[in-house]
Amino acid sequence: MEIPVKLSVFEGPLALLLHLIEKNKVNIYDIPIALITEQYMEYLKVMQENHMDNMSEFLVMAATLLRIKSAMLLPAEVDENDEEIDPRQELVEKLLEYKMYKFASLELKDRQIDAERRLYKQETIPEEVAGYKEEIHAEEVIGDTTLLKLHTIFEEILRRQENKIDPIRSKFGRIEKEEINFQEKVRAIQEYGISHRKFRFRRLLECAQSKVEIIVTFLGILELIKMGRILISQTHLFEDFEIEFLANDIVAVEQY
């Protein structure tokens, strides 16, 4: 089947392939290799008769098309995921990349054409106008303002700033959060329990460095009671608690 072609239209084999795909109105992701190869070879015959300058690139593409056509006649190969390998995949990727650059070049060309329509005119202001500076009369700017009035305004601004300050909260120091990790404290209590087995609550608190640590220690004791890992008793009212550790291992607990 012969097809009329114009050699000056195509800059390379990819441009010719895109032309054939668009001419036949086929899906670029599902190229009919047999049809496209046949039309491509017809173009090469016309090209050999007229232009020999760029034949090497077109011949390489012809060999590629023939290789793909041959591969599609053979049983399909599969990859490591047992999926069929399409011999046309590499060619499709090249065509899509060429098409993208082609559209980008057309967009840049349109911008260049738009830029050529813009004109720039340099400044032509006369020196007398450019060098003119309006005189400033201090009396008109200052008016009836005096140093006394400026001082009064300054003091009024200072008083407004002082009124914005809370007389009570402004004397507060910086409150810093004391970081005590609940999970680490519970683990420390369990380690202490494994080594001592029976101990008093007051002895456990002797290592605490702050009120926050005492509170977290108390919460840790309550958590271990709930988990059934310790037994707590008190002989008389208001006496110190006696703690008995019932486990032989350490378990992690969620953040309190």
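The values are calculated or read from the model by the stated rules, or taken from the named source; none is laboratory data. Since this is a predicted model, take the numbers as computed values, not measurements. As a convention, Cβ positions derive from the backbone with ideal geometry for all residues, glycine included, and neighbour counts pool all protein chains shown.
Looking only at helices (runs of 4 or more DSSP H) that lie completely in the stretch 174-256, which have at least 2 residues being of a type in the set (Ser, Thr, Tyr) and under 51 Å from the mean Cα position of the chain (by Cα)? Before the answer, list the steps.
Working: elements: 182-196, 201-205, 211-226.
So the answer is 182-196.
How about the stretch 166-181: which of its residues are among the aliphatic types (A, V, I, L, M) and either surrounded by 10 or more Cβ atoms within 10 Å (Cβ to Cβ) or at pLDDT 80 or above (or both)?
Residues of the stretch 166-181 among the aliphatic types (A, V, I, L, M): 168, 175, 180.
Correct list: ILE180 only.
Need a quick list: helices (runs of 4 or more DSSP H) entirely within the stretch 78-152 having at least 3 residues that are surrounded by 10 or more Cβ atoms within 10 Å (Cβ to Cβ) and of a type outside the set (Asp, Glu).
Values: elements: 89-116, 127-130, 138-142.
Output list reads 89-116.
Would you check if there is a residue in the stretch 100-112 being closer than 18 Å to LEU20 by Cβ, touching a Ser or Thr at 6+ places or on another chain (Cβ under 8 Å) and not aromatic (Phe, Trp, Tyr)?
Taking the stretch 100-112 and keeping what is closer than 18 Å to LEU20 by Cβ, we get 102.
When the remaining residues are screened for being touching a Ser or Thr at 6+ places or on another chain (Cβ under 8 Å), the result is none.
No, the stretch 100-112 contains no residue that is closer than 18 Å to LEU20 by Cβ, touching a Ser or Thr at 6+ places or on another chain (Cβ under 8 Å) and not aromatic (Phe, Trp, Tyr).
Can you tell me which residue within the stretch 56-76, out of those that are part of a loop (DSSP other than H, G, I, E, B) and modelled with pLDDT of 80 or more, is surrounded by the fewest Cβ atoms within 10 Å (Cβ to Cβ)?
Of the stretch 56-76, the ones part of a loop (DSSP other than H, G, I, E, B) are 74-76.
Checking the rest, the ones that are also modelled with pLDDT of 80 or more come to 74-75.
Working: LEU74: 8, PRO75: 6.
Filtering the stretch 56-76 for residues that are part of a loop (DSSP other than H, G, I, E, B) and modelled with pLDDT of 80 or more, the one surrounded by the fewest Cβ atoms within 10 Å (Cβ to Cβ) comes out as PRO75.
Report yes if LEU35 is outside any loop (DSSP other than H, G, I, E, B), among the aliphatic types (A, V, I, L, M) and modelled with pLDDT under 85, otherwise no. Break it down stepwise before answering.
Details: outside any loop (DSSP other than H, G, I, E, B): yes; among the aliphatic types (A, V, I, L, M): yes; modelled with pLDDT under 85: no.
The answer is no for LEU35.
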